[in-house]
Amino acid sequence: MGTEAGDGGRLPPHRSLLVRLLAASITIAVCSVAATAWLATRTATNALQQEQGQILANDARIYDTLIGYAAGHTDWSEVKPTLNRLAEQTRRHITLTTQDRRPVATSGSITTLPTKASALVDPLQADPALLPGVKTDGIDPRAVGPYRLPEAEREELRGRVATLQTCLRNSMGSPAPVVEAPGGRPSFVITGNNSTREKIGAVCGLYVLDAPTRTETRALDQLNVLVGECVKRQNLAPVTVDLGFALNGTGAEAVQRCIDTARRDQLAPHVAPSALLFVTARNGSAAPGIDLSPANTVRVAGVAALVLLLSVTVTVTVGTRLIRPLRALTDAARRPPQEQRRVPVTTNDEIGHLAAAFNDLAERRERLEDQRKAMVSDIAHELRTPLSTIRVWLEAAQDGLAASDEAFIAALLEEAMLLQHIIDDLQHLAQADAGQFRLYPEPLNVRQLLDHVATAHRGRADTVGVTLTTHTEGEPVLSADPLRLRQALGNLLSNAIRHTPAGGDIALRCRRSGGRIVIEVADTGTGIDVADLPRVFDRFWRADKSRSRRSGGSGLGLAIVRQLVEAHGGTVSVTSVRHEGTVFTLTLPERRDEHPRGD
């Protein structure tokens, strides 16, 4: 870690926060520009597709209208109003010319025509792709010529339709829709499969509508003459054409070609001559487009470069402001503990919160350092006293000033046991601090546990004239290490007995509260000052300011109690009133077990 941030704490460029912010900003800007360009392209493409679709729809509309006009007129002399109306509706310029490009009619002033015509307007050679109603023969259904029925024949057919509707209403439950062909011939639209339609047609006699009228008969006679001449020239079998104008079977294709040719020859005098159609924009261009000039390309590139420049500028500015307090934090963190200083909090954002947290950490570090120094002093003090006593007694014995009798040995043993007690407590705390405080939990009956602890300390309590009682609500069970939990309760009882005068009471109580087990050690002793309560669990702290071993223990008992309780997942707290008594409360997680272990 030290080598990575060498050279006065400067980082390599690729690890610098400013460089990474700049790279991220440029990446975001490039992605934003690319995404914007992609979105603009897609939007423009969709718009163009919609516009192109509208153009195609308008062109198909123009083509369909002009084919219909040509099918119903013998020339183009009166097409001008139709062209003007179409040009106004589609906002296009429409021009009709002959096959040799001589103008026939135009929707406006004559302009330069495109090299290629938009379409050929010929009702006898219509494009099925543009006109879905046109069959493969290319003859528009609206080109009826001699097959157009006069009004008298139409009325006659309408009368037949009215008569047949009664039968159809009885057969179908409702009248059948009627459609009328461009020539004036009506027909029924009957839904269902072929067998159903054939059955209804046979029952109601719909065949009466299939018979050609006088006008249609004359036209069919003319057509059959033309078809007969064609099949004769091709040595084909004679055929008779009906109003269906179609044949099926062997050799039908050649005969059908004769029928189609004969129909065109028959209808040619009754339709307008073929004409070239030119559909252009009103300014004369073949189709609208988008200006992709170099100037526009430069403009787009300039906007993208400006976005990148602004992104870099903003990133450098913001990054510099972010890095300045971070560098101050780094410099402060690298200073020796004795030169630790606070970092000014100049903002109310995450960086400001980090600076405030750093200052809090520095203060806690100073407090911990003070506590460490005090603890070293306390350990030296606590160990020096019994060691000094042992040394004095041994020197006195060596000099012949003290006799090695039972009192002498008892005094040395007492001081050695005190020294061992202090060392054992320190070892327990060291294990807890190092995370090596091992527990062996098992289900425990709390009532039996409290009775066992009380029995172990009742003799000492009776000796000093203190009454020790236990009280447990129900049969609570918890999961705990029995040795460690007895050690914690023993430390609390030892303190209570030591600070409770003769005639006082000490109570061990247990109850359930919110799914947890609450154990209380309450005494009627001297109590603790309110100002001293926050330090009760500090190591080597004792209410006796003189630090006399005779008036108190090692000063580690309550610290060990806290470590033991927290190791079990619980908490410990204390309340006290001076000269009235103290209550230590242990809160531990409850465990329900059918066969708890007793103590």
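The values are calculated or read from the model by the stated rules, or taken from the named source; none is laboratory data. What you see is a predicted model, and the numbers here were worked out from it, not measured in a lab. As a convention, Cβ positions derive from the backbone with ideal geometry for all residues, glycine included, and neighbour counts pool all protein chains shown. SASA here: full protein model, heavy atoms, side chains in, ligands and nucleic acids out. Shrake-Rupley method; radii C 1.70, N 1.55, O 1.52, S 1.80 Å.
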Counting only other residues whose beta carbon sits under 10 Å from that of Ser107, what net charge do I get with K and R as +1, D and E as -1?
+3
Per Stokes-Einstein, at 4 °C and 1.567 mPa s, what whole-number D in µm² s⁻¹ belongs to the range 72-221, with the Kirkwood radius over Cα pairs as the hydrodynamic radius?
68
Distance in nm between label sites at Ala357 and Glu590, each 7 Å beyond Cα in the beta-carbon direction?
3.7
Taking N as the residue count of the range 173-216, its alpha carbon Rg divided by 2.2 N^0.38 Å gives 1.26
Hey, could you get me the Stokes-Einstein D for the range 439-491, Kirkwood radius over alpha-carbon pairs, 25 °C and 0.890 mPa s, rounded to whole µm² s⁻¹?
206
Rounded to whole Hz and in sequence order, give me ³J(HN,Hα) for the range 301-308 from the Karplus expression 6.51 cos²θ - 1.76 cosθ + 1.60, θ = phi - 60°, writing x for Gly and Pro.
5, x, 5, 4, 5, 5, 4, 5
So, with +1 on the Cβ of K and R and -1 on the Cβ of D and E, and no other charges, what is the size of the charge dipole of the range 111-269 about its Cα centre, to the nearest 20 debye?
160
Sorted by accessible surface (1.4 Å probe, heavy atoms of the protein chains only), largest first, Arg438, Arg102, Arg486 come out as Arg438, Arg102, Arg486
What is the local net charge at Val255, summed over the other residues whose Cβ is closer than 14 Å to its Cβ (Lys, Arg +1; Asp, Glu -1)?
-1
With DNA, RNA and ligands ignored, accessible area of Cys31 (1.4 Å probe; Å², nearest 10):
80
